[in-house]
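Scroll down for the structure; my scribbles are underneath it.
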Amino acid sequence: MSVLMNQLKEAAAFIGSKVNQKANIGIVLGSGLGNLSKEIKVEISIPYSEIPHFPVSTVEGHGGSLLFGELSGKKVWVMSGRFHFYEGYTPHQVTFPVRVMHLLGVKTLFLSNAAGGVNTDFNVGDLMVITDHISLFVVNPLLGKNEEELGTRFPDMSEPYSKALIAKAMQIAAENQIELKKGVYTGVTGPTFETRAEYKMIHALGGDAVGMSTVQENIVAVHCGMKVFATSVITDLGIREEENVITHEEVLEAATAAEPKLTLLFKELIRSL
Ligand code: HPA
């Protein structure tokens, strides 16, 4: 067995020894979006630092625990705090927890992130359902020897985000008077925000939003056969007239302000599963 598979199995076995229940839903909370975890009836919280081979989260605004609990009557695994490529983790480390969730039985993965809007119809605070993504120089986490136990060498990427879940989300949003945008997420490595020319390029390429996470996690999830639902909170506008600059504080603030909409959407979508 490969070193990676061994590590994944050790991590899953450790977690399995603490929680003897199953959950087939996994949730990853993005920057400034950790409050959803307050809605969860947490049964156990395992600090990442205790889990064998788990990377440890370093970014401000991110927690660092794997939670197991109940949301909308369903058992869920929640990553409160995620790992980013820009922190210096390898693509294998960034995606390690998603693969562990797969070994623990997760079949549907919910991802959230903060992103810059490049669609001129978007405003700060909008919620965007990700319908597709463009990977812009993000290192593919499946490079290298394929882990046949996890999935196929050449995964199909024609439906990286579940169409059925997107349709359900649009319906839930309409029923709850939440304005939900739809769009293409462009993944970049960061940690710099984009230059004005880059935001324009991303818009020209067909992106609606741009961010520094999600793509690698999505790829490993699709590889191992999970269904994925993902949303971006638009925290700043790359395409804009004003001369203002973008700061991490502004991103976290906007994410937190938009969070109640995201929480409601995730809760109702999970209830409907
Ligand atoms: N660019 C990249 N990542 C981001 C942005 C952005 O404008 N906003 C929040 N995350």
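Would it be correct to say that Ile246 is in a loop (DSSP other than H, G, I, E, B) and of a type outside the set (Ser, Thr, Tyr)? So Ile246 passes the test.
Restricting attention to the range 156-170, the residues that are part of a helix (DSSP H, G or I) and under 25 Å from Cys224 (Cα atoms) total 7.
Quick grid of which residues meet (1) at pLDDT 95 or above; (2) farther than 19 Å from Arg82 by Cβ; (3) outside any loop (DSSP other than H, G, I, E, B):
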{"site": "Val98", "(1), (2), (3)": "yes, no, yes"}
{"site": "Leu109", "(1), (2), (3)": "yes, no, yes"}
{"site": "Asn113", "(1), (2), (3)": "no, no, yes"}
{"site": "Gly125", "(1), (2), (3)": "no, yes, no"}
{"site": "Met128", "(1), (2), (3)": "yes, no, yes"}
{"site": "Thr131", "(1), (2), (3)": "yes, yes, yes"}
{"site": "Ile134", "(1), (2), (3)": "yes, yes, yes"}
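Taken over the range 227-253, the criterion of being crowded, with 21+ Cβ neighbours inside 10 Å and under 17 Å from the mean Cα position of the chain (by Cα) is satisfied by Val228, Phe229, Ala230, Thr231, Ser232, Val233, Ile234, Thr235, Val251.
Restricting the range 74-133 to residues that are aromatic (Phe, Trp, Tyr), in contact (Cβ under 8 Å) with a residue 60 or more places away in the chain and away from the ligand (no atom under 14 Å from the Cβ) leaves a set whose member that is farthest from Met170 (Cα to Cα) is Phe96.
Are any of the residues in the range 191-207 among the β-branched types (Val, Ile, Thr), within 20 Å of Asn119 (Cα to Cα), in contact with a strand residue (DSSP E or B) (Cβ under 8 Å, 6 or more places away or on another chain) and not in a strand (DSSP E or B)? Scanning the range 191-207 turns up at least one residue that is among the β-branched types (Val, Ile, Thr), within 20 Å of Asn119 (Cα to Cα), in contact with a strand residue (DSSP E or B) (Cβ under 8 Å, 6 or more places away or on another chain) and not in a strand (DSSP E or B).
When each of Leu71, Leu4 is tested for being at pLDDT 90 or above and either closer than 30 Å to Thr235 by Cα or in contact with a Cys (Cβ under 7 Å, 6 or more places away or on another chain) (or both), the lone residue that passes is Leu71. Just one of the listed residues (Ala173, Ala255, Ala221) is within 14 Å of the ligand (Cβ to nearest atom), among the aliphatic types (A, V, I, L, M) and in a helix (DSSP H, G or I), and it is Ala255.
The values are calculated or read from the model by the stated rules, or taken from the named source; none is laboratory data. The shown structure was predicted, so the numbers you read here are calculated from the model rather than taken from an experiment. With ideal geometry, Cβ positions are generated from the backbone for all residues, glycine too; neighbour counts draw on all protein chains shown.
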